[in-house]
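Only one structure is covered here, and it is reproduced in the block below.
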Amino acid sequence: MTDARRLGKTEFFAHFSEKFGMKRTDVRDFFDALQALSEAELLRSGEFVLPGMVKLVLQNRPARMGRNPSTGDQIPIAAKTVVKARIAKQLKDAVLK
């Protein structure tokens with residue numbers, strides 16, 4: 001797996017284009033709409049699920065004290081909201097046999 005190359009954006013759209021007999025622009029539009037839907041659902045309910053693959057959830061991280069690695073001084077880290085991806089058990093089981 002060390003010489004494996006990740007699937008590029010063009011190859012990704014080409015794969016779905018060939019698989020479903022669609023134009024690449026239609027495939028790109030579909031994934032753009034999927035991204036927009038995920039953003040809207042994360043803002044609306046705080047989570048978005050792609051069944052069998054991943055669940056995206058918003059997580060609020062509280063403010064805390066951290067350390068500057070170069071000086072060792074304590075520094076405040078502000079509270080923030082992040083998006084976490086939780087991988088579905090079905091996908092984990094398929095990949096991590």
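Derivation of every value follows stated rules applied to the coordinates shown; laboratory data play no part. As the structure is a prediction and not an experimental result, all values here were calculated from the model. Here the Cβ positions follow ideal geometry from the backbone for every residue, glycine too, while neighbour counts run over all protein chains shown.
Assorted remarks:
- Against the conditions (1) surrounded by 10 or more Cβ atoms within 10 Å (Cβ to Cβ); (2) touching a Lys or Arg at 6+ places or on another chain (Cβ under 9 Å), residue 82 satisfies every one except (1).
- Of the residues in the range 78-94, at least one is touching a helix residue (DSSP H, G or I) at 6+ places or on another chain (Cβ under 8 Å) and either among the aliphatic types (A, V, I, L, M) or at negative phi (or both).
- Residue within the range 42-54 that is surrounded by 11 or more Cβ atoms within 10 Å (Cβ to Cβ), hydrophobic (A, V, I, L, M, F, W, C) and more than 14 Å from residue 85 (Cβ to Cβ) present: no
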